[in-house]
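Report on the following structure.
The values are calculated or read from the model by the stated rules, or taken from the named source; none is laboratory data. Computed from a predicted structure; not experimentally measured. Cβ coordinates were reconstructed from backbone atoms using ideal geometry, including for glycine residues, and neighbour counts include every protein chain displayed.
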Amino acid sequence: MWVAAHANSVSQVFAERSCRVRPVAEPVPAVLDRRPAGEIFSHLVRMIDGDRHDQPKLALQRALSSISESEVITRSTQTAEFELPTILDPDALTAWVYETPVAVVADLLGLPTDDRSAIARDVRDFVLCLSSLSTPDQLENANAAALRLRSQLQDALGAIQRNSDSLVSRVLASAQNVCWTDNASIIANLVGLLSQTYEATAGLIGNSIVALVSHPRLLGEVRSRVDGWQQLVHETSRYESPVQNTRRFVVELTTVGGVDLKPGAAILLVLAAANRDANANPDPERFLLDRADRRVFTFSRGPHACPGEAIARSIAASALSVLERRLDRPALDQLAWEWKPSQNGRLPLFHDGNATRTA
Ligand code: HEM
């Protein structure tokens, strides 16, 4: 596998239409083929290229960008208040970090959120189908979760007249505008909004807390600025990227950084390394709230650029500003964490220094 780790080479690969998101011979991982999770996977804009990608992507992008920042802030603030943990209870903190973002997006979609833990559990189980580290049992759970999520989103589509301002309604309206009519594909991509949110946005919140623990003066700096939480989240997305890497597969002879890449070649794009390339961000090892012209690769670039970046950053900053009243130096100093085993995520699981936990 080729590795692109500099800002320039990562940008070039992202811009190349001949570098695809899946190997041509295996559009859906063999273990998921003809299973419920595989059915959803086969439609996700994240996992397809070309015309099948561009039209749904445009619809999703338009629907997501039609939600105002103030609406995201209001819903995130309300959601974050629910079971707000103390920093001295690392299990509760971990649960809150992982459940809050997906509950906000479920709420935006118009799904009932009275049992937010159940939604978070289903999304957690479903995303395991995306990892080749998953066991057969985890894949079975992913299939069961895929069926439950699909049925919830189907119900939400059916209830659309009654809740016309929801993200589900907005996606449907944008889909009609771009003639995206395949119902199975629309439902799969609504599930995709939950799965794309889940770990990455939890990682952004969790890594912002890690930054506060690791840089003793940071909490004071954040509190002294009007845009402190937004800047903390933005610099965290660069410095400790929750998504460390992504992949591309070459379909036509392509040259990147003077290297000829043959059809069939695979490329690992190390987003976390590009974020710390001094040519993109001078003095890259310093965590700077007021970093000028910050260049962040965490949300991808080019045709597959993340359409949820603004929402993700807003959810994270709002959730952290709610957590603020529970933050103080002595409590932060007691917090420990381990990194969740993952091929591409940098995701903290908090503990008190003695125990290990899973999310
Ligand atoms: C911190 C949080 C997030 C991070 C770091 C993140 C990162 C990414 C990255 C790296 C990709 C593209 C991967 C590639 O090019 O190979 C992506 C795609 C995507 N993300 Fe996000 N994302 C986040 C949150 C969200 C949220 C909240 C949503 C929606 C509500 C979302 C929706 C999507 C969708 C639909 C795609 C597929 C786009 C396409 O392939 O054209 N993401 N995200």
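Within the stretch 1-30, being of a type in the set (Phe, Trp, Tyr) and over 16 Å from Lys262 (Cβ atoms) holds for one residue alone: Phe14. Summed over the stretch 191-230, residues that are within 16 Å of Ala316 (Cα to Cα), polar (S, T, N, Q) and surrounded by fewer than 21 Cβ atoms within 10 Å (Cβ to Cβ) total 1.
Checked against the criterion of being closer than 26 Å to Pro27 by Cα, away from the ligand (no atom under 16 Å from the Cβ), touching a residue at least 24 places away in the same chain (Cβ under 8 Å) and not acidic (Asp, Glu), the candidates Thr181, Thr197, Thr254, Thr246 yield just one match: Thr254.
Which of the residues spanning the stretch 117-175 are polar (S, T, N, Q) and either part of a loop (DSSP other than H, G, I, E, B) or buried (at least 17 other Cβ atoms within 10 Å of the Cβ) (or both)? If the condition is that a residue be polar (S, T, N, Q) and either part of a loop (DSSP other than H, G, I, E, B) or buried (at least 17 other Cβ atoms within 10 Å of the Cβ) (or both), then Ser131, Ser132, Ser134, Thr135, Asn141, Asn143, Gln152, Ser164, Ser166, Ser169, Ser174 are the ones that fit. For Glu71, the criteria (1) under 21 Å from Thr197 (Cα atoms); (2) of a type outside the set (Gly, Ala, Ser); (3) crowded, with 19+ Cβ neighbours inside 10 Å hold in every case but one, which is (3).
For the stretch 289-315, the candidate set comprises residues that are near the ligand (Cβ under 6 Å from one of its atoms) and of a type in the set (S, T, N, Q); within that set, the residue that is surrounded by the most Cβ atoms within 10 Å (Cβ to Cβ) is Thr298.
Only one of the numbered conditions (1) assigned to a helix (DSSP H, G or I); (2) over 21 Å from Ala159 (Cβ atoms); (3) away from the ligand (no atom under 12 Å from the Cβ) is violated by Glu83, and that is (1). For the residues Leu64, Leu93, the requirement of being among the hydrophobic types (A, V, I, L, M, F, W, C), within 13 Å of the ligand (Cβ to nearest atom) and modelled with pLDDT of 95 or more singles out Leu64.
A quick yes/no check of all residues on (1) over 19 Å from the mean Cα position of the chain (by Cα); (2) buried (at least 20 other Cβ atoms within 10 Å of the Cβ); (3) within 12 Å of the ligand (Cβ to nearest atom):
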site	(1), (2), (3)
Met1	yes, no, no
Ser9	yes, yes, no
Val21	no, no, yes
Val24	yes, no, no
Gly38	yes, yes, no
Gly50	yes, no, yes
His53	no, no, yes
Lys57	no, yes, yes
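Which of the helices (runs of 4 or more DSSP H) contained wholly in the stretch 1-80 include at least 1 residues that are over 24 Å from Leu149 (Cα atoms) and without any contact (Cβ under 8 Å) to a residue 40 or more places away in the chain?
Qualifying helices (runs of 4 or more DSSP H): 51-65.
Tell me, which residue of the stretch 329-347 that is within 23 Å of Arg223 (Cα to Cα) and touching a residue at least 24 places away in the same chain (Cβ under 8 Å) is surrounded by the fewest Cβ atoms within 10 Å (Cβ to Cβ)? Here the answer is Asp333.
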